[in-house]
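Visitor: Below you'll find the structure I mean.
The values are calculated or read from the model by the stated rules, or taken from the named source; none is laboratory data. None of these values were measured; they are calculated from a predicted model. For neighbour counting, all protein chains shown are included, and Cβ atoms are generated from backbone atoms with ideal geometry for every residue, glycine included. All accessible areas refer to the heavy atoms of the entire protein, side chains included, with ligands and DNA or RNA removed. Shrake-Rupley method; radii C 1.70, N 1.55, O 1.52, S 1.80 Å.
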Amino acid sequence: MASIPPLELGAIPQPASRAWERLRDELLTILGDDLIAIWAHGGTLASRQPRAADLDTYVIVSGRPISSKAERIQASEDAIAADLGVDWDSWYVTIDQARQADEPTHAFREARRDTSWAIHRAQWLAGRCAVVHGPAPAEIVPAPSWPEIEAELDRELEHLEAHVAAGETDPYEATYAVLNGSRILRAVDTRDVAVSKAEGGTWALEHLPDRWHPVLNAALRNHDAQATPQDEALLAADMAPFVAMIRERLPFSDDRARGAAPRFSGC
């Protein structure tokens, strides 16, 4: 897999770029030479709106223990979030684990593991990230195989199925289910995972039957904070059938018994 150069941090609108720059400066103070790289990624980089959402952030650190600095790191993230009105979704991984294909664990929350590791690597190597500090992902992470990606897409669908099984109809969760489900379908069709949720929804409007267009448009409006009460009601009603439609369309071999509860347990 040939890699594409990452985005320039300066091309990302404020306050997201300012938040990442502040995090870099504070982590350099806290970690010093133990800070190897910081990569900004996720939907904020592809947002159609000049606003910050969850700031998906990957931090690569040395193999030396940093658990003793976890409280200072968390305090810095909290302060930046409060000052700039952003939310962090950050991962800290050691350089040794980042060089492997196996799912890495969080550097100071060992119970957590990155269950989207192959998808993240594919997105980064396709240029869907910005380097905030240190080397680019292509200098560290291995390219993923399609079977690795396919397994993670199946796990992502189980995550959506788990929310349906729990009876959730919250507009936020329904929007995530519709748009991320669309992104899963697109990935299977094109073998390309380097798209945002909104881009997945736009693709689905062009490729799925008319029956799904109203809920897709409702999800895209909610993603842009423009949903109406009618949109929210439609999202609640169509979340479960939309997710069921995705499972029927996927060509994955599923070792669960058909109809069994999803096994996804988070990361």
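Visitor: Which of the residues that make up the range 36-61 are open to solvent by less than 10 Å² (accessible area, probe 1.4 Å) and either modelled with pLDDT of 95 or more or closer than 19 Å to Thr105 by Cα (or both)?
Guide: Within the range 36-61, Ala37, Ile38, Trp39, Ala40, Thr57, Tyr58, Val59, Ile60, Val61 qualify.
Visitor: Could I ask something else about it? Search the range 25-42 for residues that are free of Cβ contacts under 8 Å to residues at least 24 places away in the same chain and closer than 14 Å to Trp91 by Cβ and pair each with any residue that is open to solvent by less than 50 Å² (accessible area, probe 1.4 Å) and not aliphatic (A, V, I, L, M) when their beta-carbon atoms are under 8 Å apart and the residues are at least 6 apart or on different chains.
Guide: Cβ pairs passing all conditions: none.
Visitor: Being touching a helix residue (DSSP H, G or I) at 6+ places or on another chain (Cβ under 8 Å), in contact (Cβ under 8 Å) with a residue 40 or more places away in the chain, among the charged types (D, E, K, R) and open to solvent by less than 40 Å² (accessible area, probe 1.4 Å) is the filter here, so list the residues in the range 127-172 that pass it.
Guide: Across the range 127-172, the qualifying residues are Glu156, Glu161.
Visitor: Let me ask something else about it. Just one of (1) open to solvent by 40 Å² or more (accessible area, probe 1.4 Å); (2) of a type in the set (S, T, N, Q); (3) in contact with a Gly (Cβ under 7 Å, 6 or more places away or on another chain) trips up Ser182, so point out which.
Guide: All conditions pass for Ser182, except number (1).
Visitor: For the range 89-143, which positions are charged (D, E, K, R) and assigned to a loop (DSSP other than H, G, I, E, B)?
Guide: Within the range 89-143, Arg99, Asp102, Glu103, Arg109, Glu110, Arg112, Asp114, Arg128 meet the criteria.
Visitor: Which count do you get for residues in the range 1-10 that are open to solvent by 80 Å² or more (accessible area, probe 1.4 Å), at pLDDT 80 or above and either small (Gly, Ala, Ser) or closer than 16 Å to Arg121 by Cβ (or both)?
Guide: Qualifying residue count for the region: 2.
Visitor: Give the residue, chosen from Thr202, Thr175, that is of a type outside the set (Gly, Ala, Ser), in contact (Cβ under 8 Å) with a residue 12 or more places away in the chain, open to solvent by 50 Å² or more (accessible area, probe 1.4 Å) and not in a loop (DSSP other than H, G, I, E, B).
Guide: Among Thr202, Thr175, only Thr202 is of a type outside the set (Gly, Ala, Ser), in contact (Cβ under 8 Å) with a residue 12 or more places away in the chain, open to solvent by 50 Å² or more (accessible area, probe 1.4 Å) and not in a loop (DSSP other than H, G, I, E, B).
Visitor: Asp210 - would you say it is touching a His at 6+ places or on another chain (Cβ under 8 Å), surrounded by fewer than 19 Cβ atoms within 10 Å (Cβ to Cβ) and either modelled with pLDDT under 95 or not hydrophobic (A, V, I, L, M, F, W, C) (or both)?
Guide: No: the conditions fail for Asp210.
Visitor: Right, another one. If you check every pair at least six apart or on different chains, which have Cβ atoms under 8 Å apart with a residue in the range 61-72 that is within 11 Å of Asp33 (Cα to Cα) first and a residue that is in a loop (DSSP other than H, G, I, E, B) second?
Guide: From the range 61-72, the pairs are Val61/Ala107.
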